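What follows is a set of notes on a single structure, which appears directly below.
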Amino acid sequence: MSPILRFTLSILLLVAVSPHALAQEASSWPRPSTPSVLPRPDFHFKGNVGRTIEDSDPAQFPQPVEAPDGAPNIVLILLDDAGYGQFSTFGGGIESPTMDALAEEGLRFTRFHTTALCSPTRASLITGRNHHSASSGVIGEAATGYDGYTSIIPKSAGTIGEVLRQNGYMTAWIGKNHNTPAWEISAAGPYDRWANGLGFDYFYGFNAGDMNHWNPILYENRNLVPASDDPDYYMTTDFADKAIAWVRKVKSIAPEKPFFLYVATGATHSPHQAPAEWIEPYEGKFDEGWDAYREHTLARQKELGVTPQNTDLTERSAGLPAWNTLNDDQKRLYSRMMEVFAGFGAITDHEMGRIVDAVKALPDAENTIFIYIAGDNGSSAEGGLEGSLNENLFFNGFPETWQENIKAIDELGGPKHFNHFPSAWAHAMDTPFQWTKQVASHFGGTRNPMIISWPGRIADGGAVRSQFTHTIDIVPTLYEIIGITPPLELNGVPQKPIEGVSFADTLLNADAPEHRTKQYFELLGNRGMYQDGWMASAPASAPWIPVRETYDPDAQVWELYNVNEDFSQAHDVAADNPEKLRELQDLWWAEAARYQVLPLDGRAVERLNAEAMGRPVLSGDATSFTYYPGQVGLAADASPRVLNKSWTITANIELPEENANGMIVTQGGLVGGYGLYLRDGVPTFVYNYLALDRPTIAGDEPLPPGKVTLEVDFDYHGANGEMGAGATVTMKANGAEIATGEIARTIPIQMSLGEGLDIGTDVGSAVDFTYDLPFTFTGEIEDVTFKLE
């Protein structure tokens, strides 16, 4: 063949291949080299095997799987409930030196998107699939029995943890796990959907949506972590300590192996709790209020280049009050709530900085990718219009008043309250956008800051990237960078296609094309559709309204924004572009059918009652449960379902000769629950009604030493499905009545947040403030039996 003909054929072949193949040819990343079926086949000796070793080839052991050549370490940090305009790195009022430093050496992504809620975003983040495709269309505590909403990540949507683990990575997950079905969080398992089962060799954190930062219930792998006796204990600091210890340990043991460290803080989700020394620097910083904060923040954002210069500030979302309409006491309370929140955010970024510094001190720090995502959704408006001392009130459908909350102004941020700032501050944290967490139709719910640093590869540190990206794009981006073939089969299960699209080329090229040209959004009926610079938006309900009217998708009002020109969604152009709006509406329905979004469900807190929703329970139809000493930290959804019904507790105990004190049984804690305990031998039952009231029924005199059968009869007054009615409590000792009392109201929907059942001690927060944790029972407990009607 002549050289001219050979050259001509080569050109024809290049023209025939796909643009994607051409892009791969020119890519800076390694070609995928890992198997498409995982795990790899079992080892088989390929040499000659004779009758003895003398006439056999030398033995060969199966070697540990090695990651692709040059595979980087990965540190993925995900904060909770944080807005675009919250931290200083993106123009906000909360100092974030760790983000600042990473942004200076790396890149800030200004059009990165989440799903508007925690579990859905987290499922997308670790699977690379849309949240409904990962059966995580809502948090597990509100799951329903439809394909997109079970909260059970399907085996066909394998996680990046599992894929990297089987391709030579060491993997760890530190912090919040909100992707395990709530009814599977107990010693009975199953464990295949805990963090370890999702591909992470090491886990340290909590299995819930939120957690008390002073008295958390934590797990190390599958084991309950004993409560700390450090009077200065703080959960985020603990998480940083564990992350640092793990990464140092594994790199000391296996210095050539790369690691994947996923750190998911419980901050800045409620409760807004922080040490006083972190709150103090922000005193007086927010006295101008949320409206002025939004104006100042947008000005800073323009100066930093994280919003275009022509960005307009959106109007205050409908229903939120103007700061100048508040009285002086409201301003004083709400300013303090924001100061607490600012300190909460500041210490969180500080602790993430300790992790970053520890990783950078390792020998191969230059080949480490840091991905820092400030929020799994926009800032949370679930504190209601007047703020909250107890977010569980919101989840039970009850508003709070500033007149009551101001009484605790000096205790905010401490261990006595599960506090949350008012909704208008959340809106301010989402500057310059409309709306907040939950509202997937607008960028206030879905646009979050993302910073990526890779000291060894990113050349234009301090730059900004404006390509439209989404949480589902993280997994394929990392796969491309590492050289991972997305498996077609994982652990025997055929895999759904990865639905994200890699944006790896943007790390090296500011002018790289925008690969995500369309993306649907849906959360609790709030809907959005993005395509080629246009965004159609249909909000459903204000996120600060817990109980919502009947949802009718046909009654939703759609808005339309040209977000290539209108960064903040400030100008609705639906009336001028009806054909474009109809096009995006039709596309939304098509995407909804494709990705398991249907059926739509606009309910909110009504879905939190597991029994009413029919979610599974490991105990099946049992109505009698007997527990023994050592049963502690039993998750709420694995505990007896005692809401809105009558029940009895029978405890067989033995009292010591003196000092008869301690918890016999408790469920819940600070934000709601009950406890049966002895104080100086006197049997006491307390019912914590959402921290609003703690009616207490106690005996008149101490019980005698020795064996006693102590019984509590909880006679619920509601009938015909009535929720939250009162009850009569009768206490008996050895069959004789010793106390009785009335409880005017009971918890209707959700007992507590992140806390369940304990026998013989109290491992979480206290159900009342009359005893010191852990309040371990000083006598002996034979057993404790619940009987439910």
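The values are calculated or read from the model by the stated rules, or taken from the named source; none is laboratory data. Note that the structure is a prediction, hence the values are computed from the model and not measured. Counting neighbours? That spans all protein chains shown, and the Cβs are built from the backbone with ideal geometry, glycine included. Note: accessible area is taken over every heavy atom of the protein model, side chains too, but ligands, DNA and RNA are not part of it. Shrake-Rupley method; radii C 1.70, N 1.55, O 1.52, S 1.80 Å.
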Listed by chain and number, the lysines with an alpha carbon less than 22 angstrom from that of Lys155, same-chain partners under 8 positions apart left out, are Lys176, Lys496
Report the relative contact order of the chain, percent, no decimals, based on alpha-carbon pairs under 8 angstrom and at least 6 residues apart.
-> 17 percent
Of Lys331/Lys407; Lys242/Lys437; Lys645/Lys787; Lys242/Lys416; Lys707/Lys732; Lys242/Lys285, those spanning more than 21 Å from alpha-carbon to alpha-carbon | Lys242/Lys437; Lys242/Lys416; Lys242/Lys285
How much accessible area per residue does the stretch 644-715 have, in Å², with a 1.4 Å probe?
-> 34 Å²
Treating cross-link reach as a plain straight distance, find the aspartates and glutamates whose alpha-carbon is under 18 Å from the alpha-carbon of Lys518, omitting any fewer than eight places away in the same chain.
-> Asp473, Glu499, Asp532, Glu559, Glu565, Asp566, Glu579, Glu583, Asp586, Glu591
Over the stretch 258-339, how many percent of alpha carbon pairs lie in each 10 Å bin up to the one with the longest distance?
-> 14, 31, 36, 16, 3, 1
Name the chymotrypsin sites (Phe, Trp or Tyr not before Pro) in the stretch 397-436 that are in a loop by DSSP and that have at most 13 other C-beta atoms within 10 Å, would you?
-> none
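Given the stretch 461-535, what whole percent of its Cα pairs are spread farther than 22 Å? Walk me through the numbers before you get to the answer.
Values: 1001 of 2775 pairs.
Across the stretch 461-535, Cα pairs with separations above 22 Å total 36 percent.
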Along the stretch 592-608, Karplus-curve 3J(HN,Hα) (6.51, -1.76, 1.60; θ = phi - 60°) to the nearest Hz, with x for Gly and Pro, reads 4, 5, 6, 10, 6, 7, 7, x, 6, 8, x, 5, 10, 5, 4, 7, 7
Under 20 Å Cα to Cα from Lys249, which aspartates and glutamates show up? Leave out anything in the same chain fewer than 8 places away.
-> Glu66, Asp201, Glu220, Asp238, Asp241, Glu351, Asp357, Asp364, Glu366
Over the alpha-carbon set of the stretch 195-352, work out the extent along each principal axis and list the three values in angstrom, largest first.
-> 58, 39, 28
Kindly report, to the nearest 10 Å², the accessible surface of Asp328 as traced by a 1.4 Å probe over protein heavy atoms only.
-> 120 Å²
Would you mind pulling out the separation of the Cα centroids of the stretch 412-451 and the stretch 737-780, in Å?
-> 32 Å
Accessible area of Asp357 in the full protein assembly, 1.4 Å probe (Å², nearest 10) = 100 Å²
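Kindly sort Arg248, Arg457 by accessible area of their heavy atoms, largest first, with the probe set to 1.4 Å.
Sorted by accessible area, descending: Arg248, Arg457.
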Probe 1.4 Å, all protein chains in place: accessible area of Ile152 in Å², nearest 10?
-> 50 Å²
Mean accessible area per residue over the stretch 430-489 (1.4 angstrom probe, all protein chains present, square angstrom) is 18 Å²
To the nearest 10 degrees, how steeply does helix 235-253 sit against the main Cα axis of the chain, on a 0 to 90 scale?
-> 50 degrees
Taking the convex hull of the Cα atoms, report for the stretch 542-639 its projected area averaged over all directions, in nm².
-> 11.1 nm²
Estimated 222 nm signal from helices in the chain, with DSSP H stretches of n ≥ 4 weighted -39500 (n - 2.57), rounded to 500 | -6500 deg cm²/dmol
Which angle from 0 to 90°, rounded to the nearest 10, does the C-alpha axis of helix 118-127 make with the longest principal axis of the chain?
-> 40 degrees
Counting only protein heavy atoms with a 1.4 Å probe and every protein chain in place, the carbon and sulfur fraction of the accessible surface of the chain in whole percent equals 52 percent
Projected area averaged over orientations for the chain, convex hull of C-alpha atoms, nm² | 42.0 nm²
Size-normalised alpha-carbon gyration radius of the stretch 517-573, reference 2.2 N^0.38 Å | 1.21
Relative contact order of the stretch 532-606 (C-alpha contacts under 8 Å, at least 6 apart) in percent is 39 percent
Enumerate the calculated ³J(HN,Hα) couplings along the stretch 762-778 in order (Karplus 6.51 cos²θ - 1.76 cosθ + 1.60, θ = phi - 60°), each rounded to whole Hz, writing x wherever the residue is Gly or Pro.
-> 10, 8, x, 8, 6, 6, 9, 9, 9, 9, 9, 5, x, 6, 5, 5, 8
Sequence-separation-based contact order of the stretch 366-466, relative, with Cα cut under 8 Å and 6+ spacing, percent | 41 percent
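Which value in Å does the Kirkwood hydrodynamic radius of the stretch 424-551 take, with 1/r averaged over all unlike C-alpha pairs and then inverted? Display every interim value, and only then the final one.
Details: mean 1/r = 0.0586 Å⁻¹.
Mean inverse Cα-Cα distance, inverted, gives 17.1 Å.
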Taking only C-alpha positions in the stretch 341-383, Rg and Dmax in angstrom work out to 13.9, 45
Out of every Cα-Cα pair in the stretch 387-487, what percent are more than 17 Å apart?
-> 70 percent
Taking placed amide H atoms and a strict 5 Å upper bound, the residues 5 or more places from His131 or on another chain that come that close are none
Distance between Cα centroids, the stretch 278-304 to the stretch 51-76: provide it in whole Å.
-> 56 Å
